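A.B. asks: Handing you a structure now.
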Amino acid sequence: MKFQALWQRLRLPLLAALLVLGALAARATWEQVQAYHRAEALEKSAQLDLAVDEYRWTLRWYTPWGPKWTDAAQALVRIAKTAEQPEPLRAMRALDALRSGLIAGRHVWQPRADLVAYVNQTIPAVMVRVAQASGDKREPAQLLAQFTRDYARPIGVSPLTSAAVSLGFLAWLIGLLMIARRGLDAEARITRLGWRWLAVAVSGFVLWTLGMWLG
């Protein structure tokens, strides 16, 4: 009976939360597909630098089920490999777009961590060639050592960050649900209990945001 009473109180807020999350997921998927189609058109018209930017946006609109996400990552790998010898600057931009796009999709885990590792291993040598072409007088070995250190960072998401992201999101969602169900009086003014749940929601949102940003 207690469960039924709790379900009666929470079913409408839960439905509203699911609808909001569903709308966000649908928009992310739509934007991903549209960005990929723009990138394809630009690549076919030989506007590769603009295509690289659109492939980056495709990756940034990450969803686990995204239909064009993997295709965009493979396209950036292809552009980088093709341009590595004749156009190292374009190759560097493609690799940077691939890495930043992949990291932007990081949450409780890092999608395609193998490609992040590939970029970390590949881009230093490309950056050396770009630096030399731009007139950098330092020794290639010195440049390579510096760029390799710059990209020698842990790949993936730590268990602590995963826990912070998960717990923060749950606290945010539960806090909002409880405000809707228990935190308002008959005149829709927030009660003392409601302020407590608001603190839970705000703390959860801050924890979730920091985990996504710093993790």
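The values are calculated or read from the model by the stated rules, or taken from the named source; none is laboratory data. Since the structure is predicted, the reported quantities are computational estimates derived from the model, not experimental observations. Here the Cβ positions follow ideal geometry from the backbone for every residue, glycine too, while neighbour counts run over all protein chains shown.
A.B. asks: Test Ile174 against the stated conditions and say whether it is surrounded by fewer than 20 Cβ atoms within 10 Å (Cβ to Cβ) and among the β-branched types (Val, Ile, Thr). Spell out the reasoning first.
C.D. replies: Details: surrounded by fewer than 20 Cβ atoms within 10 Å (Cβ to Cβ): yes; among the β-branched types (Val, Ile, Thr): yes.
When the stated conditions are applied, Ile174 passes them.
A.B. asks: So, one more: Hey, can you tell me all the residues within the stretch 99-122 that are under 12 Å from Ala80 (Cα atoms) and either touching a strand residue (DSSP E or B) at 6+ places or on another chain (Cβ under 8 Å) or touching a residue at least 40 places away in the same chain (Cβ under 8 Å) (or both)?
C.D. replies: Of everything in the stretch 99-122, those that are under 12 Å from Ala80 (Cα atoms) and either touching a strand residue (DSSP E or B) at 6+ places or on another chain (Cβ under 8 Å) or touching a residue at least 40 places away in the same chain (Cβ under 8 Å) (or both) turn out to be Tyr118, Thr122.
A.B. asks: Given the options Val165, Val126, name the one that is in the same structural domain as Thr70 (by TED's automatic domain parsing), hydrophobic (A, V, I, L, M, F, W, C) and surrounded by 13 or more Cβ atoms within 10 Å (Cβ to Cβ). Before the answer, list the steps.
C.D. replies: On the way: Val165 fails: in the same structural domain as Thr70 (by TED's automatic domain parsing).
Val126 is the lone residue from the list that is in the same structural domain as Thr70 (by TED's automatic domain parsing), hydrophobic (A, V, I, L, M, F, W, C) and surrounded by 13 or more Cβ atoms within 10 Å (Cβ to Cβ).
Each row is one residue, and each column tells you yes or no for (1) farther than 18 Å from Asn120 by Cα; (2) surrounded by 14 or more Cβ atoms within 10 Å (Cβ to Cβ).
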| position | (1), (2) |
| --- | --- |
| Ala25 | yes, yes |
| Gln34 | yes, yes |
| Leu42 | yes, yes |
| Ala46 | yes, no |
| Arg60 | yes, yes |
| Ala75 | no, yes |
| Leu89 | no, yes |
| Arg93 | no, yes |
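A.B. asks: Let me ask something else. When you look at Ala104, is it surrounded by fewer than 19 Cβ atoms within 10 Å (Cβ to Cβ), over 16 Å from the mean Cα position of the chain (by Cα) and of a type in the set (A, V, I, L, M), yes or no? Give the derivation first.
C.D. replies: Details: surrounded by fewer than 19 Cβ atoms within 10 Å (Cβ to Cβ): yes; over 16 Å from the mean Cα position of the chain (by Cα): no; of a type in the set (A, V, I, L, M): yes.
Criteria not met by Ala104.
A.B. asks: To continue, here is another question. So if I check each of Arg153, Arg149, Arg106, Arg138, which one is in a helix (DSSP H, G or I) and basic (Lys, Arg)? Step through it out loud before you land on a result.
C.D. replies: Numbers: Arg153 fails: in a helix (DSSP H, G or I); Arg106 fails: in a helix (DSSP H, G or I); Arg138 fails: in a helix (DSSP H, G or I).
Every option except Arg149 fails the conditions.
A.B. asks: Let me confirm something: among Leu76, Leu12, which residue is part of a helix (DSSP H, G or I) and at pLDDT 95 or above? Let's see the steps before the verdict.
C.D. replies: Working: Leu12 fails: at pLDDT 95 or above.
Only one candidate passes the filter, namely Leu76.
A.B. asks: Mind listing whichever residues of the stretch 30-53 are within 17 Å of the chain's Cα centre (by Cα), of a type outside the set (Val, Ile, Thr) and farther than 13 Å from Asp96 by Cα?
C.D. replies: Trp30, Glu31, Gln32, Ala35, Tyr36
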